[in-house]
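Please treat every number below as a calculation from the coordinates, not as lab data. Bear in mind that the values here come from a model prediction, so they are computed numbers and not experimental data. Every residue, glycine as well, gets a Cβ built from its backbone with ideal geometry; the counts of neighbours run over all protein chains shown.
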Amino acid sequence: MHKSLILMKIKILQVLPELNTGEIELDTVELAKFLVQSGHGSYVLSNGGTMVETLEKNGSKHIRLPVHKKAYFPLALSLKSNRYF
């Protein structure tokens, strides 16, 4: 593999409805922690929940938007008006 690919820093955005205790949520927090420890950017977009504090303590950034609702147009406007990345 080319050296520049190995050293490249990436930003990963994980999107899930809420960040409460559950298997997918635990996997999300663990992956985010691994990414930060590896020197990459980790972002999680959700409506919030009980695991946000843990996520942020591990160095990941949480973006709170109402992704638990199925209205995609307001979500797109929210993302466009906020520069997170």
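Would you mind calculating the gained length between E53 and K69 on full extension (0.36 nm times residue separation, minus the Cα-Cα distance), in nm to one decimal?
Extending this stretch completely gives an extra 3.5 nm.
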Q: Considering the options G49, V36, N20, tell which one lies farthest towards the positive end of the dipole of the range 15-67, charges being +1 on Lys and Arg and -1 on Asp and Glu at the Cβ, about the Cα centre.
A: V36
Q: Can you put I12, I63 in order of Cβ neighbours within 10 angstrom, beginning with the fewest?
A: I12, I63
Q: Based on other C-beta atoms within 10 Å, arrange V36, V67, V15 from fewest to most.
A: V15, V36, V67
Q: Give the residues of the range 29-48 whose amide nitrogen is closer than 11 Å to a point set 7 Å from the Cα of V15 in the direction of its Cβ.
A: 45-46
Q | Partners for K9 among aspartates and glutamates (Cα-Cα distance below 13 Å; same-chain residues under 8 apart left out) | A | none
